[in-house]
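**Student:** To start, I am sharing the structure in question, which I have written as structure tokens.
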């Protein structure tokens, strides 16, 4: 990942399909799949805001990283308007530019933030979301292919899934380190569908943020949004729920058959 600012939403999207296809062409386990396999439906869950409520912890970890490195204070409003819901590297790069800090600080801020976030997560400072966790468990019990698609780094995702009791139960986890473009670009969900060997048009993305909804829709998935944001921010979703349940997903899956 270069230290330049991320491309605007939509930039480079046609190339994404080429990148995603190239990632699976050399895998003998993914070549030669039957059309039946490719038409399976999968369920792809966002992590932050769906399975765990880590928004405050991510902000606190990033704020403290700036502070401990002697950089300008990170205003909460800046975090919420330009960083929230974006992959760490892109979000921090955007904040550095906004605060007139050289991008040479990017890796140090990122490393410090990850360490602080780990401490917050393992100390129980991050709230688990029982409705999301129960829905993942129900989807697994029902036999659906399940993935987690997140803008978090791999270590952050692993720690979060351990805290949620889902470590080792989800075969496919797509993180910021697996893609060239993060949400709202469709690449994370396209990669997730390819690794699950499921058809995007038959699958469901479970999201909570506008960026995630845009990513899921652009990848061709139907999107269920959990109303952690104002409803006006979730209008692109196919369905909005105040509490996530397996019944809501099952109904949408049946409608797509």
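**Student:** Of the residues 44, 5, 74, which is modelled with pLDDT of 50 or more, in contact with a helix residue (DSSP H, G or I) (Cβ under 8 Å, 6 or more places away or on another chain) and under 16 Å from residue 96 (Cβ atoms)?
**Tutor:** Just one listed residue meets the conditions, 74.
**Student:** Something else: Here's a check for you: in the stretch 243-257, which residue that is in contact with a helix residue (DSSP H, G or I) (Cβ under 7 Å, 6 or more places away or on another chain) and within 17 Å of residue 226 (Cβ to Cβ) is surrounded by the most Cβ atoms within 10 Å (Cβ to Cβ)?
**Tutor:** Filtering the stretch 243-257 for residues that are in contact with a helix residue (DSSP H, G or I) (Cβ under 7 Å, 6 or more places away or on another chain) and within 17 Å of residue 226 (Cβ to Cβ), the one surrounded by the most Cβ atoms within 10 Å (Cβ to Cβ) comes out as 244.
**Student:** Here's a follow-up. Can you find a residue in the stretch 8-24 that is at pLDDT 80 or above and over 30 Å from residue 169 (Cβ atoms)?
**Tutor:** No: the stretch 8-24 contains no residue that is at pLDDT 80 or above and over 30 Å from residue 169 (Cβ atoms).
**Student:** Within the stretch 145-241, considering only strands (runs of 3 or more DSSP E) that don't extend past its boundaries, which have at least 2 residues that are free of Cβ contacts under 8 Å to residues at least 40 places away in the same chain?
**Tutor:** Passing ranges, in order: 172-174, 222-226, 239-241.
**Student:** List the number of the failed condition for residue 163; all other conditions in (1) in contact with a strand residue (DSSP E or B) (Cβ under 8 Å, 6 or more places away or on another chain); (2) surrounded by 22 or more Cβ atoms within 10 Å (Cβ to Cβ); (3) more than 25 Å from residue 233 (Cα to Cα) hold.
**Tutor:** With respect to (1) in contact with a strand residue (DSSP E or B) (Cβ under 8 Å, 6 or more places away or on another chain); (2) surrounded by 22 or more Cβ atoms within 10 Å (Cβ to Cβ); (3) more than 25 Å from residue 233 (Cα to Cα), residue 163 is out only on (2).
**Student:** To continue, here is another question. Considering the stretch 121-131 alone, what residues qualify as being crowded, with 19+ Cβ neighbours inside 10 Å and either farther than 13 Å from residue 52 by Cα or in contact with a strand residue (DSSP E or B) (Cβ under 7 Å, 6 or more places away or on another chain) (or both)?
**Tutor:** Listed by number, the residues that qualify are 126, 129.
The values are calculated or read from the model by the stated rules, or taken from the named source; none is laboratory data. Small disclaimer: the values here were computed from a predicted structure and weren't measured. Note that each Cβ is placed from the backbone with ideal geometry, even for glycine, and that neighbours are counted across all protein chains shown.
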